[in-house]
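*Asks:* One structure is given below, represented as structure tokens, and several questions about it will come after.
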Amino acid sequence: MAGAGLLGRVRAIRVLLDPVQMALLLVLLTILVVFILYPLLQVLAVAFTADGRVSLIHLRNFFARPLFREALAASLLSGVLAVVFGSLVGLPLAYFSVRFQFRGRLLLQTLGILPLVIPPFVGAVAFQQVLGRSGMVNLLLQEHFGVTIPFMEGLAGVVLVQTLHYFPFIMLNTAAALANLDPSLEEMAQNMGCHGFRLFRRVTLPLVLPGYVAGALLVFIRVVDDLGTPLMLNYTKLLAPQAYLRITTVGLNDVDGYVICVIMVVLSLLALWGARRYLSLGEYATVQRGTTGASLARPVRGWRLLLVWVVSGSLLALALLPHLGIAVLSFARIWSFSVLPVQWTAGNYGEILFRTPHFVKNTLLYSLLAAGIDVLLGAAIAFLLVRGKVVGRSVLDAIATMPLAIPGVVLAVGYLRVFHGWDFPGLGQPLTASWLILVVAYSMRRLPYTVRACDAAMRQIHASLEEAAMNLGSNRRRTFFKVTFPLMLGGLVAGGLIAFITSSVELSSTIMLVPRMEMGPLAYGIYIYMQSAVGRGPGAALGVVAILLVLAGTVALNRIFSRGTGTAFKL
Amino acid sequence: MGSQPFAAKAAEVRIEGVSKRFGETWAVREVTLRIGRGEFFTFLGPSGCGKTTLLRIVAGFAVPDAGEVCFDEERVTDLPPWRRNAGMVFQSYALWPHLSVQENVAFGLRERRLPAAEIRERVVAALALVGLAGMERRRPSQLSGGQQQRVALARTLVVEPRVLLLDEPLSNLDAKLREQMGHELTRIQRELGITTIYVTHDQEEALGLSGRIAVMDGGRIVQEGTPQEVYHRPARRFVAEFVGVSNVFPGTVREASPGRLVAEVPGIGLLEASPDHAALPQPGAPVLLSVRPEAMTLWGPEEKPAGKNAARGMVRASTFQGASVEYEVLLEGGRPVRVSTATPKGQRPFPPGATVTVCFDPADVILIPPEAR
């Protein structure tokens, strides 16, 4: 008996230390530690040491500076306000699009995702043109009523742009939760005598809350992370621009920059932690799907229909304003202090296609590479998480999820700290001097999304499908290529597309990491062009290219999922 | 249980000429029923027969295109679900995952704005009734399937509904638990004396639990009666074959007199029946004869008990099922029949290939009236 017990234990250990899986795990862990964990730890180390000793002195200094305190308060405020206003816009639209049947419902579902396809900093420029001090609306107001409204001044402008850019996260996540709700849960409440607003408050709302919280969390984290919008609107009293300014103007050794980074990470983590209670309950909606399945969407008529049309129409019009503004601007030769451009041209497109084609080319190159890397890493990580038995998988999962809470600015600062000033093996120059740093940054930032997509795809493949192939005489390798891989393909492509779409308009880490002007991608190009008045036309043209790129990726993504719009943007 | 906490105000349910169409298909077609106070009534039928739609019409989740639903004298056809007080138990249980067991059961009482103390008392009593005392703090996800089912039942009963509607409540339970919950359901139903409508596709469940059954097919009720009536006197071939297993022989009437009918069945010859009901068909009329497998017996090839219908055949397959042996016998005319006999003691069952005589009593031959189309 003792012998059998020993043998059993040896077998168990052999499974836990499976050499192939172990090797894969080690390679993956090395990559993740070098490009995610270590840079982050470096940022922490700089922020929390003084004269070679652990110290909180820098943190105390941070809170002693009124500018930093204001920036922290403003970042928090902008995050909270964007969530509040985003909810005001997103929740009614989510409810209308799921629960009501009316003409234009499909339009609402389709247009609702469009704000996400315009990079927020591009939207910021467009909003300036339309709502700015000398924008379309204020010029008209001045002409007819002699007043102007400062829509875009200070924090208000930042919040306005961010709200209208990010509200689809709230709308899509809430709508998904609503649509997945088992109808019998609400019918049961009606059966018990509950209806109308009480039904919504006692049953529908609590059940939809996890979806809503997931969306709100995404909005908050992205807003705190957003560097492009405040820079474009020239409002720098926020954490992200402060960190950027410290590092780029004062220098890489400025401790304050690192402390700001730490504060930003803490904000993200706090938000994640606060939301976890609800997110862990995320399985609510689909726990017990009834068989009756009757759709709860009901037709609306009369004044209710009018209300639905007016509310969704005006909200969408506002949210799609930047798309219109940017399109007009891209064809304008001169557009300032006038309601519409005075002269039209197609020359802006000539400029970006022939004089500075590298912006578009670089974007395609970097984003495709990053997407490819993410698919490889994501598939390998998902394989270990779902099918692997080797020890240490949870560590892998934890590190691969970390980028969700690391703002782009922080990761960029970490990279500058770690990879600056020494030749990267096999590269002959520092990593930060090569455009590869951008590819690395993009792929690491988007890794959690691809891992998630691959993981989901992998979990859908029941192990018995593979076992059936092996049972019929197919070996491990052939089983993988003939059964597992084809079934995973959809998830892999989807994961890659998500990485591609979001990388192609990434600005926060780009601005800090671009080694030389000609290595810059599209987002960087827009940023550079928009610095000068004459560059706004070509900048807008680049913006249109960015919109088209993201739109194409999103359409492709929805074709793959064919489950309605916005799958890529749901948490 | 002692004094009953739930003074059931059982209602009589009347369904009058109810029809409901989804697009081009009729889900429910001209259904008229009267379900008495305190009765345990079952809608039985295959999936898609309209039984669940009919139940949802009674609950108020679907509005009929035509016809009326009444609880006692009150017309409820146009009342929304929340004004009907018709307690429903869903197939999926529909326990709210964000609420504890206590909160789930208290939900309807809170809707009725009862004082907190009374709510507490009644929740405790309801959970005791279904055997779940002490589970108040649990979440639905922490309960087994059977326990979830009991919570769903308690939640519905605690509001003292006028009628209890059960939508395939046992279908998500395993076989053992299903039987146990079935007994429990009948016990509770009898104790409370509550009018109950039960929807199922399982004929054993329907026969075992119900006071009366309505067998449904294609949105219509094809037969209504006690379990015994439905089983022993199927009104249609559909009922004979859906409720239990039947051997059905189409034939032509040769002789008909009260208590005795002779019909000629192609391939078998003359069969005798002793109908004790209904109008006798005329000689020459087509007729369907149905015989239950357990009404048939097998004998040796040369044996023929007196006074019985007999047909020779060959055993094609036999399955030992413990208490009984199930045979598939191919009659000499080429017609297969199923025979179920009690396992003989100390005697080997007929092996496949054996030649046998299939016998059955004329009294066990059921006459099915020709389909009225």
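*Asks:* Taking 10 Å² as the minimum loss, tell me which residues in the stretch A:198-213 lose that much accessible area going from the chain by itself to the full protein complex (1.4 Å probe).
*Replies:* Residues shielded by partner chains are A:R198, A:R202, A:V203, A:P206, A:L207.
*Asks:* For helix B:175-192, what angle does its Cα long axis make with the longest principal axis of chain B, in degrees from 0 to 90 and rounded to 10?
*Replies:* Its long axis makes an angle of about 60 degrees.
*Asks:* Rounded to the nearest 0.05, what FRET efficiency do B:T343 and A:L364 have when you use their Cβ-Cβ distance and R0 = 56 Å? Walk me through the intermediate numbers first.
*Replies:* Details: r = 78 Å, r/R0 = 1.39.
Working from the Cβ atoms, E equals 0.10.
*Asks:* Probe radius 1.4 Å, ligands and nucleic acids ignored: give me the carbon and sulfur share of the accessible area of the stretch A:58-345 as a rounded percent.
*Replies:* Of the solvent-accessible surface of the stretch A:58-345, carbon and sulfur hold 65 percent.
*Asks:* If you don't mind, there's one more thing I want to ask. Would you mind telling me the share, in percent, of accessible area of the stretch B:47-95 contributed by carbon and sulfur at probe 1.4 angstrom?
*Replies:* Carbon plus sulfur share of accessible area: 45 percent.
*Asks:* Express the accessible area of the stretch A:58-345 per residue in Å², computed with a 1.4 Å probe while the remaining protein chains stay in the model.
*Replies:* 42 Å²
*Asks:* What accessible surface, in Å², does a 1.4 Å probe find on A:H144, ignoring ligands, DNA and RNA and rounding to the nearest 10?
*Replies:* So the heavy atoms of A:H144 present about 120 Å² to solvent.
*Asks:* Report which residues of the stretch A:146-192 become buried by 30 Å² or more of accessible surface when going from the isolated chain to the complete set of protein chains (1.4 Å probe; DNA, RNA and ligands ignored).
*Replies:* Those are A:S184, A:L185, A:E187, A:M188, A:Q190, A:N191, A:M192, which lose 30 Å² or more relative to the chain on its own.
*Asks:* Next question, about the same structure. Please label the shape of the stretch A:1-106 as rounded, prolate or oblate, based on the square roots a ≥ b ≥ c of the eigenvalues of the alpha-carbon gyration tensor (a/c under 1.5 means rounded; beyond that, a/b larger than b/c means prolate, else oblate).
*Replies:* oblate
*Asks:* Ranking request for peptides B:49-56, A:122-129: highest mean number of other beta-carbon atoms within 10 Å first, then the rest in descending order.
*Replies:* A:122-129, B:49-56
*Asks:* Using a 1.4 angstrom probe, figure out how much accessible area the stretch B:303-373 has per residue, in square angstrom, rounded to the nearest whole.
*Replies:* Normalised by residue count, the accessible surface of the stretch B:303-373 is 58 Å².
*Asks:* What is the Cα convex hull volume of the stretch B:324-369 when expressed per residue in Å³?
*Replies:* That works out to 109 Å³ per residue.
*Asks:* Give me the lysines in straight-line cross-link reach of B:K304: C-alpha distance below 25 Å, same-chain residues under 8 apart excluded.
*Replies:* B:K345
*Asks:* Amide H of B:L164: which non-local residues (sequence gap of 5 or more, or other chain) have their own amide H closer than 5 Å, using H built in the peptide plane?
*Replies:* Those qualifying (amide H under 5 Å, at least 5 residues apart or on another chain) are B:T195, B:T196, B:I197.
*Asks:* Express in nm, to one decimal, how much length is gained between A:L56 and A:A556 on full extension, taking 0.36 nm for each residue of separation and deducting their alpha carbon distance.
*Replies:* Net length gain for the segment: 175.1 nm.
*Asks:* Rounded to the nearest 500, what is the 222 nm mean residue ellipticity of chain A from helices alone, with -39500 (n - 2.57) per DSSP H run of 4+ residues and division by all residues?
*Replies:* Dividing the helical sum by the residues of chain A leaves -22000 deg cm²/dmol.
*Asks:* Additional query: Ordering A:T229, A:T110, B:T341 by accessible area with a probe of 1.4 Å, largest first, what comes out?
*Replies:* Solvent-accessible surface, decreasing: A:T110, B:T341, A:T229.
*Asks:* Regarding the stretch A:295-367, what whole-number volume in Å³ per residue does the convex hull of its Cα atoms give? Intermediate values should be presented prior to the final figure.
*Replies:* Numbers: hull volume 12.7 nm³, N = 73.
Enclosed volume per residue, from the Cα hull, is 174 Å³.
*Asks:* Note down the accessible area of B:S144, probe 1.4 Å, to the nearest 10 Å².
*Replies:* 60 Å²
*Asks:* What are the equivalent ellipsoid semi-axes of the protein assembly as shown, built from the alpha-carbon gyration tensor (square roots of five times its eigenvalues), in whole angstrom, biggest first? Please list the in-between numbers first.
*Replies:* On the way: eigenvalues 957, 241, 155 Å².
Semi-axes (√(5λ), whole Å): 69, 35, 28.
*Asks:* Further, regarding this structure: Averaged per residue, what accessible surface does the stretch B:52-190 expose to a 1.4 Å probe, in Å²?
*Replies:* Ligands and nucleic acids excluded, the figure is 39 Å² per residue.
*Asks:* Cα-based Rg of the stretch B:245-329 per 2.2 N^0.38 Å, rounded to two decimals?
*Replies:* Output field value: 1.22.
*Asks:* Using only the heavy atoms of the protein chains and a 1.4 Å probe, how would B:F242, A:F121 rank by accessible area, largest first?
*Replies:* B:F242, A:F121
*Asks:* Taking a spot 7 Å from the Cα of A:Q460 along the direction of its beta carbon, which residues of the stretch A:371-400 have an amide N less than 19 Å from it?
*Replies:* Only A:375-376, A:378-387 fall inside the zone, counting backbone N under 19 Å.
*Asks:* Right, here's the next one. So for the pair B:A323, A:A64, with labels modelled 7 Å out along Cα→Cβ, what separation do we get in nm?
*Replies:* That separation, rounded to one decimal, is 9.0 nm.
*Asks:* In addition: What total accessible surface area, summed over both chains, is buried at the interface between chains A and B, computed with a 1.4 Å probe and given in Å² to the nearest 100?
*Replies:* For chain A against chain B, roughly 2400 Å² becomes buried.
*Asks:* Moving on to the next point. In terms of modelled amide H atoms, which long-range or inter-chain residues lie less than 5 Å from the amide H of B:R220?
*Replies:* Those lying under 5 Å, H to H, from B:R220 are B:R29.
*Asks:* A further question on this structure: Could you tell me the calculated FRET efficiency between A:R387 and A:D423, based on Cβ-Cβ distance and R0 = 45 angstrom, to the nearest 0.05?
*Replies:* Between A:R387 and A:D423 the formula returns 0.70.
*Asks:* Is the stretch A:58-345 rounded, prolate or oblate when judged by the Cα gyration tensor, a ≥ b ≥ c being the square roots of its eigenvalues, rounded requiring a/c under 1.5 and prolate requiring a/b larger than b/c?
*Replies:* Working: a/c = 2.65, a/b = 1.30, b/c = 2.04.
Oblate is the answer for the stretch A:58-345, as a/c is 1.5 or above yet b/c matches or exceeds a/b.
*Asks:* Please work out how much accessible surface A:W335 shows to a 1.4 Å probe, ignoring ligands, DNA and RNA, in Å² rounded to 10.
*Replies:* For A:W335, solvent-accessible area is about 10 Å².
*Asks:* What list of ³J(HN,Hα) couplings, whole Hz, do you get for the stretch A:514-531 from phi and the Karplus terms 6.51, -1.76, 1.60, once you set θ to phi - 60° and write x for glycine and proline?
*Replies:* With the stated coefficients, the stretch A:514-531 comes to 4, x, 9, 3, 6, 8, x, x, 3, 4, 5, x, 4, 4, 5, 4, 5, 5 Hz.
*Asks:* Could you put A:K361, B:K176 in order of accessible surface area, largest first, with the 1.4 Å probe and the full protein assembly present?
*Replies:* B:K176, A:K361
*Asks:* In addition: With labels modelled as points extended 7 Å from the Cα through the Cβ direction, what inter-label distance (nm, one decimal) is found for B:V262 paired with B:M314?
*Replies:* 3.1 nm
*Asks:* Still on this structure, please answer the following. Grab the DSSP H runs of chain B that are 4 residues or longer, score each as -39,500 (n - 2.57), total them, divide by all residues and round the 222 nm result to the nearest 500 deg cm²/dmol.
*Replies:* Calculated at 222 nm, the ellipticity per residue is -6500 deg cm²/dmol.
*Asks:* ³J(HN,Hα) across the stretch B:357-365 via Karplus (A = 6.51, B = -1.76, C = 1.60, θ = phi - 60°), whole Hz, x for Gly/Pro?
*Replies:* With coefficients 6.51, -1.76 and 1.60, one gets 10, 8, 10, 8, 6, x, 5, 8, 8 Hz.
*Asks:* On to the next question. R0 = 56 Å: FRET efficiency of A:L270 with B:Q180, Cβ-based, nearest 0.05?
*Replies:* Given R0 = 56 Å and the Cβ-Cβ separation, E is 0.65.
*Asks:* Roughly speaking, to the nearest percent, how much of the stretch B:245-359's 1.4 Å accessible area is carbon and sulfur?
*Replies:* 55 percent
*Asks:* Turning to a different aspect of this structure: Just to be sure I understand the interface: list residues from the stretch B:52-91 that lose 10 Å² or more of accessible area between the chain on its own and the complete protein assembly, 1.4 Å probe.
*Replies:* Residues of the stretch B:52-91 that lose at least 10 Å² of accessible area once the other chains are added: B:R56, B:F61, B:P81, B:W82, B:A86, B:M88, B:F90, B:Q91.
*Asks:* May I pose another question? How big is the C-alpha Rg of chain B next to the rule-of-thumb value 2.2 N^0.38 Å, as a ratio?
*Replies:* Dividing the Cα Rg of chain B by 2.2 N^0.38 Å gives 1.19.
The values are calculated or read from the model by the stated rules, or taken from the named source; none is laboratory data. Predicted model, so just to flag it, every value in this text is computed and none were measured. Glycine gets a Cβ as well: all are built from the backbone with ideal geometry, and neighbour counts include every protein chain shown. Heavy atoms of the whole protein, side chains included, go into the accessibility calculation; ligands, DNA and RNA do not. Shrake-Rupley method; radii C 1.70, N 1.55, O 1.52, S 1.80 Å.
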